[in-house]
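Nothing in this text is a laboratory measurement; each read-out follows from the coordinates by a stated rule. Quick caveat: nothing in here was measured; it's all calculated off a predicted structure. Methodologically, a virtual Cβ is constructed for each residue, glycine included, from the backbone with ideal geometry; neighbour enumeration extends over all protein chains shown.
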Amino acid sequence: MEPFAYIQNRLHCEGVPLARIAEQFGTPAYVYSRAAILENFSRIQSGLAGIPSLVCYSVKANSNLKILRLLAQAGAGFDIVSGGELARVGRAGADPGRMVFSGVGKTAEEIDAALASGLLMFNVESEGELEVIEARAAAAGTTAPIAIRVNPDVEAETHPYISTGRFIHKFGVPKSSALALYRRAAASKSLRARGIACHIGSQILKVEPFLKALDEILEVVKRLEQQGIQWLDLGGGYGIRYGDEEPLDMDRLIAELKRRVAGTPYRLILEPGRAIVGNAGILLTRVLYVKATEQKNFVVVDSGMNDLLRPALYGSEHQVWPVERRAGPSAPADVVGPLCETGDFLARDRRLAPLQPGDLLAIMTAGAYGFVLSSNYNSRPRPAEVLVSASETLLIRSRERLDDLMSAEHL
Ligand SMILES: *Cc1c(COP(=O)(O)O)cnc(C)c1O
């Protein structure tokens with residue numbers, strides 16, 4: 001399905017005109033399509049049918065409670081990276097037994113909370129972390145389920161800030177140390193090895209790096225036959241289309257993964273984040289001013305890098321669609337926010353049809369790493385979040401009020 005499409009030149013999310021959402025909930029607002037989220041999830045889940053597997057949605061891509069609940073009800077497991085995300089998954093009513101806990105910097109408190117929740121496994125990223133998990137499990141009189149996150153040293157061919165699977169990166173441990181850590185876990189009464197994990201980066205568009213990573217962890221796991229390992233966690237990073245790039249061929253990837261895993265005793269975990277929510281959301285913003293200079297136009301909108309950081313952080317390109325399509329000659333323009341930073345742009349050098357103050361724009365493919373990376377920089381309240389289902393709209397996060405911004409401060 002196309003979650004965002006024009007009907008008589010007016011851009012809709014499913015059956016709802018975006019102009020109506022702007023009127024009802026104000027701008028800026030994140031708008032998500034329920035059907036697109038569920039379709040993205042079930043495409044991966046049903047693709048994996050036939051081999052034992054679990055799709056653990058990566059909470060950090062978009063952690064709104066309603067979206068987590070939606071996915072939990074659809075049968076998703078979860079990949080979390082903090083105690084905060086653990087609390088969210090619990091609040092959403094998800095089964096912690098289908099949850100893995102990744103991240104290089106888990107604190108003792110976070111480990112305790114996750115142990116008490118009954119998680120599926122900790123994806124352990126260092127020897128020091130393994131020691132702390134062992135100690136906390138021993139103190140609680142329980143056994144901690146673990147996987148070692150192996151750094152397979154494969155090139156993910158993506159933006160350097162979202163590439164994680166080389167030895168130069170802080171994530172995971174080399175294959176050689178993984179074996180020692182598994183030996184250590186086997187010798188401990190407080191640790192139980194349940195799986196092996198890797199995650200090579202994000203927005204990866206080629207199938208091959210994933211297959212290479214799987215081959216690498218299969219090779220490690222072959223040497224660990226006595227250890228009772230059940231789960232192969234391949235991580236996330238499945239690339240989507242933002243502009244005119246070819247998206248990852250997910251169907252081919254899944255077919256290849258199934259072929260490799262089918263003859264083994266292992267179960268597969270995938271941790272997609274972006275691929276579930278990325279194209280299911282937009283950022284809806286209103287034009288404040290149009291500034292024409294000799295070189296180009298600046299379209300100043302009521303949303304900026306505090307709401308959507310990706311362009312400033314990674315140089316990411318989001319398409320910009322007018323909410324009302326009009327005829328007219330297009331001119332090159334930068335779509336910029338109101339913040340006092342040169343990096344505060346949403347799009348640069350785009351050909352846009354003539355715009356006026358008050359017009360609405362949709363910043364496309366903003367459902368992943370959009371709201372979650374938002375901030376209050378320049379004391380700007382965070383936007384509302386709205387979920388659309390067919391012809392219904394549901395406010396799933398209220399726009400922040402100025403009181404919210406200051407409520408934790410003391411005079
Ligand atoms: C960020 C992350 C993911 C999700 O990445 P996407 O690119 O959103 O699919 C999955 N697993 C781990 C360990 C991560 O850090």
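Rounding to the nearest 10 and keeping the result within 0 to 90°, find how far the Cα-based axis of helix 34-47 lies from the longest principal axis of the chain.
Once rounded, the angle reads 30 degrees.
Could you list which residues have their amide H under 5 Å from that of Ser53, counting only those 5 or more apart in sequence or on another chain, with H placed in the peptide plane?
Amide H neighbours of Ser53, under 5 Å, 5+ apart: Leu268.
Region 317-411: which trypsin sites (Lys or Arg not before Pro) are DSSP loop and have at most 13 other beta-carbon atoms within 10 angstrom?
Loop-located and lightly packed - Arg325, Arg326, Arg401.
Which cross-chain or sequence-distant (5 or more) residues have an amide H under 5 Å from the amide H of Tyr289, H modelled 1.01 Å from N in plane?
It is Val300, by chain and number.
Starting at the first residue of region 302-308, write each ³J(HN,Hα) from the Karplus equation 6.51 cos²θ - 1.76 cosθ + 1.60 with θ = phi - 60°, in whole Hz, x for Gly and Pro.
8, 9, x, 5, 6, 8, 9
Once the dipole of the chain is set up with Lys and Arg at +1 and Asp and Glu at -1 on Cβ about the Cα centre, which of Tyr377, Phe210, Tyr314 lies farthest towards its positive end?
Phe210
Any idea what angle helix 175-186 forms with the longest principal axis of the chain, computed on alpha-carbon atoms, 0 to 90 degrees, nearest 10?
Relative to the chain, helix 175-186 is tipped by roughly 60 degrees.
Residue by residue through region 147-159, what is 3J(HN,Hα) from phi via Karplus (6.51 cos²θ - 1.76 cosθ + 1.60, θ = phi - 60°)? Round to whole Hz and write x for glycine and proline.
10, 8, 7, 8, 8, x, 6, 10, 7, 7, 6, 9, 4
What's the ranking of 192-200, 305-313 by average number of surrounding C-beta atoms within 10 Å, highest first?
The densest-packed peptide leads the list: 192-200, 305-313.
Mind putting a number on the dipole of the chain about its Cα centre? Charges go on the C-beta only, +1 for Lys and Arg and -1 for Asp and Glu, and I need it in Debye to the nearest 20.
With only Lys, Arg, Asp and Glu charged at Cβ, the dipole is about 660 debye.
Would you give the gap between the C-alpha center of region 319-396 and the C-alpha center of region 56-77, rounded to a whole Å?
Taking the Cα centre of each part, region 319-396 and region 56-77 sit 24 Å apart.
Could you state the angle between the C-alpha long axis of helix 250-262 and the longest principal axis of the C-alpha atoms of the chain, as a value from 0 to 90 degrees rounded to the nearest 10?
Rounded to the nearest ten degrees, it is 10.
Output ³J(HN,Hα) for region 64-71: one whole-Hz value per residue in order, computed from phi by the Karplus curve 6.51 cos²θ - 1.76 cosθ + 1.60 with θ = phi - 60°, and x for Gly and Pro.
For region 64-71, the Karplus-derived couplings read 4, 4, 5, 5, 4, 5, 3, 6 Hz, x marking Gly and Pro.
Would you mind working out the magnitude of the charge dipole of region 34-275 relative to its Cα centre, with +1 at each Lys and Arg C-beta and -1 at each Asp and Glu C-beta, to the nearest 20 Debye?
Dipole magnitude for region 34-275 comes out near 580 debye.
So what's the back-of-envelope 222 nm ellipticity for the chain, counting only DSSP H runs of four-plus at -39500 (n - 2.57) apiece and dividing by all residues, rounded to 500?
The helix-only estimate for the chain comes to -8500 deg cm²/dmol at 222 nm.
Assign one of three labels to region 34-275, namely rounded, prolate or oblate, based on the Cα gyration tensor with a ≥ b ≥ c the square roots of its eigenvalues; rounded applies when a/c is under 1.5, prolate when it is not and a/b is larger than b/c, and oblate otherwise.
oblate
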